[in-house]
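> Here you go, one structure.
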Ligand SMILES: [Zn+2]
């Protein structure tokens, strides 16, 4: 039966490679190397930078697709302050207050990498009366660069300019109690879940039931990740499940999303997924995600005529300090495997 050993083996390679939306070359190289090692060679990189992998199934009666996004939230340099700090703009929708105090890297367009720390405009408790109360928003945080810089010119001399990516620390660990903690479980856990299922199928000579395309997209956090996928009959996005408020989702189960901000997912396919989970005794929940869109909704909005659905492990504190549990990951792996081989 499918296990999480391979998942645990690959998380460092996937999670520790910086990949804010649009900065995809490095993560694509890591993923291509993995696919080659696993014996999956029939892939291409699209113009936009997504990986499209084809796997022949037992039947060509229909063509199905799955996806996970390998892009993450991040920041970008917006301007250089007179004192040598950097003002930033958000890439995607990070929880800004949680960024206060985080270590980061500034990556220049000629591949120089500098380290720094994200701080508020009132960072010193001994100096600023509002150090504790100042609102942390995108206009009130800066990056303090770990170089001797006293003015804008000093920063420019380092090769840093507006439009450079700022990547903050993913802080990835698995605890002895089975929790995966990282900034970007959304959606790198799903990338590793898909790779783990594909590894299991390859090792055991199991083909998917139908011809399938697997996508690793890198513009999901900015809304159009899977907008350019090919014509498919079915498309299953594997992405994080929501946890909180009155939602049923939790870190130990696979969440099946019936509806999110983009509207309901395909009724029949969602029902099939619920029945697959129920009949195989998986821990699963069905939920409405309040403020959410996925690669499946991006595909629908772009005009792809497919049955679209969404599943994923429940993630606590999404877009902040995220956490899920290895049980939720395993239940998601199992449902994905059951879907591919049904
Ligand atoms: Zn996501």
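Please treat every number below as a calculation from the coordinates, not as lab data. Note that the coordinates shown come from a computational prediction; the quantities given were computed from them, not determined experimentally. Counting neighbours? That spans all protein chains shown, and the Cβs are built from the backbone with ideal geometry, glycine included.
> Please count how many residues of the range 173-193 are within 16 Å of the ligand (Cβ to nearest atom) and part of a loop (DSSP other than H, G, I, E, B).
Summing the residues that are within 16 Å of the ligand (Cβ to nearest atom) and part of a loop (DSSP other than H, G, I, E, B) in the range 173-193 gives 2.
> Given the criterion surrounded by fewer than 24 Cβ atoms within 10 Å (Cβ to Cβ) and under 30 Å from residue 177 (Cα atoms), identify the matching residue among 320, 314, 303.
320
> Is it the case, given these coordinates, that residue 52 is away from the ligand (no atom under 16 Å from the Cβ) and within 28 Å of residue 333 (Cβ to Cβ)?
yes
> Here is a further query. For residue 54, all conditions in the list (1) in contact with a strand residue (DSSP E or B) (Cβ under 8 Å, 6 or more places away or on another chain); (2) under 30 Å from residue 163 (Cα atoms) hold save one; what is the number of the exception?
Status for residue 54: all satisfied but (2).
> Quick one: in the range 194-228, which of the residues that are assigned to a loop (DSSP other than H, G, I, E, B) and within 16 Å of the ligand (Cβ to nearest atom) is nearest to residue 14 (Cα to Cα)?
218
> For the structure I just gave you, tell me whether residue 232 is more than 16 Å from the ligand (Cβ to nearest atom), within 26 Å of residue 47 (Cα to Cα) and buried (at least 16 other Cβ atoms within 10 Å of the Cβ).
The answer is yes for residue 232.
Here is a yes/no grid of residues against (1) surrounded by fewer than 16 Cβ atoms within 10 Å (Cβ to Cβ); (2) within 16 Å of the ligand (Cβ to nearest atom):
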{"site": "25", "(1), (2)": "yes, no"}
{"site": "36", "(1), (2)": "yes, no"}
{"site": "68", "(1), (2)": "no, yes"}
{"site": "82", "(1), (2)": "yes, no"}
{"site": "89", "(1), (2)": "yes, no"}
{"site": "93", "(1), (2)": "yes, yes"}
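> Let me ask something else. Answer yes or no as to whether residue 2 is under 19 Å from the mean Cα position of the chain (by Cα) and in contact (Cβ under 8 Å) with a residue 24 or more places away in the chain.
Here the answer is no, as residue 2 does not meet what is asked.
> Given the condition free of Cβ contacts under 8 Å to residues at least 40 places away in the same chain, closer than 17 Å to residue 9 by Cβ and outside any loop (DSSP other than H, G, I, E, B), answer yes or no: does some residue in the range 155-168 qualify?
No, every residue in the range 155-168 fails to be free of Cβ contacts under 8 Å to residues at least 40 places away in the same chain, closer than 17 Å to residue 9 by Cβ and outside any loop (DSSP other than H, G, I, E, B).
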